[in-house]
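Here the structure comes first, spelled out in structure tokens, and everything after it is commentary.
The values are calculated or read from the model by the stated rules, or taken from the named source; none is laboratory data. Everything numeric here is computed off the predicted structure, so don't read it as measured data. Every residue, glycine as well, gets a Cβ built from its backbone with ideal geometry; the counts of neighbours run over all protein chains shown.
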Amino acid sequence: MYRALAGIALALCAATGFAQTWSAKPITIIVPFGAGGNTDTIARLTASHLTKALGTSVVVDNRPGASGLIAAKQVLGAPADGYTLFMATATQMVTAPFVNPNFNYDPAKDFAPVVNIGANAFVIATKSALPVKNLGELVALAKQQPGKLSYGSGGTAALTHLSAYIFTKRAEIDMVHVPYRGGAPAMTDLLGGVIDMYSASPSEVISQANGGKIRLLAISSATRSKELPNVPTIAETFPGHEVTTWNGLVARAGTPPEVLDRIATEVLRMKDDPVAVQKLEEAGVVPLFTPRAAFGAQIQRELLMWGKVLKNSGIRAE
């Protein structure tokens, strides 16, 4: 008995010691999109926090392309030691399996959840020249002109596409999808009046809301946004409608649990940093800070939910 207890104590001490000395090398957070968007912003806030908390360099590496699969594969190709982390989104973790023919990993088995940091909804924005002032008028116009109005997205099967797709199905309207290579060119063409609608991240439209070139008709969250309190929810017109995405830190499966716990503990402390929380909210992100186990359960639930929505949709990533 004594030897068994001593063995357990030594193992615990070893694990604790390893977790404390683990951050001896620089850490990289891989971001699946280019600089400037919500995911990049969250990654840089997290990197800054971890640099101070762990006393080591934490850098952000943007690896855009293939809806984030390039970044995901880079993380999966790195050692499972916690020194390469992935700022994942719902695209790589819960929607890509059903729409991307090149998808070749299991999100639930190949990655280990660390912390889900924040979520954001999507804002239905239209060009100002479109003769609509609210969601009901947009739906009515689209029904009068089936197949004539257009909506842009950051790419086929991107969440900006899927959020708009689900809205059009819910509203029973027919609009033409115009995919772009990222949200920035889609937003540019909305501002220029080239496309009629864009289902945008709040951070993309908050700064444009008062410019007169676009109208913000509705948001896809269950409740109104703190940053856009005058924008009604889609659910106010179509009860029960809710589409959100999230940005969460994950590692390669097989990373030692004590390392995952160390990272998670430090990231969760961000919620007590008023500056970090304010910067998230200013970008239209709802801070979540969901811990490891609950984050993993969320991924499992959303894989089931998106599977039901997308399996027979005919949507395929380019």
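Just checking, which of 203, 225 is farther than 22 Å from residue 139 by Cβ and surrounded by fewer than 23 Cβ atoms within 10 Å (Cβ to Cβ)?
Working: 225 fails: farther than 22 Å from residue 139 by Cβ.
After ruling out the rest, the residue left standing is 203.
Considering only region 43-55, I want to know if a residue exists there that is within 14 Å of the chain's Cα centre (by Cα) and surrounded by 18 or more Cβ atoms within 10 Å (Cβ to Cβ). Let's see the steps before the verdict.
From region 43-55, those within 14 Å of the chain's Cα centre (by Cα) are 43; that's our starting set.
Narrowing further to those that are surrounded by 18 or more Cβ atoms within 10 Å (Cβ to Cβ): 43.
Looking for residues that are within 14 Å of the chain's Cα centre (by Cα) and surrounded by 18 or more Cβ atoms within 10 Å (Cβ to Cβ), one finds at least one in region 43-55, hence yes.
Any residue in region 277-294 that is free of Cβ contacts under 8 Å to residues at least 24 places away in the same chain, assigned to a helix (DSSP H, G or I), in contact with a strand residue (DSSP E or B) (Cβ under 7 Å, 6 or more places away or on another chain) and closer than 30 Å to residue 210 by Cα?
Checked against the condition, which is being free of Cβ contacts under 8 Å to residues at least 24 places away in the same chain, assigned to a helix (DSSP H, G or I), in contact with a strand residue (DSSP E or B) (Cβ under 7 Å, 6 or more places away or on another chain) and closer than 30 Å to residue 210 by Cα, region 277-294 yields at least one hit.
Of the residues 261, 196, only one is touching a Lys or Arg at 6+ places or on another chain (Cβ under 9 Å) and buried (at least 22 other Cβ atoms within 10 Å of the Cβ); which? Show your work before the answer.
Values: 261 fails: buried (at least 22 other Cβ atoms within 10 Å of the Cβ).
After ruling out the rest, the residue left standing is 196.
For region 70-86, give me the residue count where each residue is surrounded by fewer than 16 Cβ atoms within 10 Å (Cβ to Cβ), assigned to a helix (DSSP H, G or I) and touching a residue at least 60 places away in the same chain (Cβ under 8 Å).
So the count comes out to 0.
Here are 200, 264: which of them is within 20 Å of the chain's Cα centre (by Cα) and assigned by TED's automatic domain parsing to the domain that holds residue 302?
264
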